[in-house]
Every structure is written in C-alpha cells, then in structure tokens.
1. How far is it, in nm, from the label point at Cys49 to the one at Ala27 when both lie 7 Å from their Cα along the line to the Cβ?
2. How many Å² of accessible area per residue for the range 1-91, probe 1.4 Å?
3. Say each of Ser9 and Ala83 gets a label point 7 Å from the Cα, pointing the same way as Cα to Cβ; how far apart are those two points in nm?
4. Please identify which residues in the range 47-86 have an amide N closer than 20 Å to a label point set 7 Å out from the Cα of Phe41, following the Cα→Cβ vector.
5. Non-local amide H neighbours of Ala21 (under 5 Å, H modeled in plane, Pro and chain starts lacking H): which ones?
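The values are calculated or read from the model by the stated rules, or taken from the named source; none is laboratory data. Since the model is a prediction, treat every value here as computed from it, not as a measurement. Reconstructed Cβ throughout: ideal geometry from the backbone, glycine too, with neighbour counts over all protein chains shown. Calculation scope for accessible area: heavy atoms of the full protein, side chains included, ligands and nucleic acids excluded. Shrake-Rupley method; radii C 1.70, N 1.55, O 1.52, S 1.80 Å.
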Amino acid sequence: MTSTSHSNSVRWLLEVTAAAAPADPAAFEEQRQLLCSVAAFDPASRTWCTYIGALNVRALEVLQRLYEAAKRFGTEVRVQAIAAPDTWRGPCFADAGELANVALAEADRGRLLGQLPVS
C-alpha cells in the first residue's frame with residue numbers, strides 16, 4: 001500500500017493536526033503530555049501536527065492519541081491528504097486513490113450488511 005520509489009509520481013501523506021482545546025494550565029499540560037510523543041507542537045498556533053505515510057502500528061498509535069485528546073479535552077483533530085514534500089523520506093501512499101479506498105473502507109465498517117451508504 002505504500003511506496004517510496006516513485007520519484008516521478010505524486011506521493012501522498014495524511015497530514016494530521018490537533019488544535020489545543022481551551023483549557024486551564026493543568027488540563028493543557030495533560031493535553032501536551034498526551035500528544036508530545038506523537039506530534040510536533042507549534043506554540044504560536046497552539047497546534048500539534050504530524051504526518052502519516054503508511055497505515056501501520058505507529059499510525060494507529062498517533063490517531064488513537066489524537067482522538068483520545070479530542071474525547072478528553074475537546075481538542076479539534078483534522079486529517080487531510082497532502083502531496084508529500086520533496087524532503088519527505090518516510091513512507092508514503094503511492095496515489096490518492098489508496099487514501100480514498102481507506103476512507104471508504106472505514107466508512108463501511110459501521111454499516112450493516114445490505115445497508116446503503118448515506119449520500
């Protein structure tokens with residue numbers, strides 16, 4: 001599902017950001033401790049950011065921590081597909097279609113057999 005050898009084609013990453021929820025200093029410190037090992041923090045925007053180029057154990061850990069922060073503190077989490085910068089040396093998705101297939105498969109997980117997707 002991932003590739004790092006296609007130098008002439010666009011490589012894709014999931015950019016995952018989490019905007020810190022308004023919180024008292026103690027709650028903010030809890031958010032920081034929860035997220036500091038999985039994402040980089042920008043103090044100016046009060047936002048954590050990380051990139052995912054493969055759906056592996058590390059990616060699941062990152063997503064789990066970000067969504068745990070959302071649940072516990074109201075942290076706003078966003079995920080979007082971006083073209084990998086030329087300097088990116090980690091794994092990446094070979095094409096945008098792979099990302100679409102992952103999103104569709106995830107949407108199907110909660111649907112009962114025979115139930116049509118909501119459009």
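1. Going by the 7 Å Cα→Cβ label model, 2.6 nm.
2. On the way: 5570 Å² over 91 residues.
Dividing the accessible area of the range 1-91 by its residue count gives 61 Å².
3. With each label point 7 Å from Cα toward Cβ, the separation is 1.6 nm.
4. 47-51, 61-78
5. Thr75, Glu76
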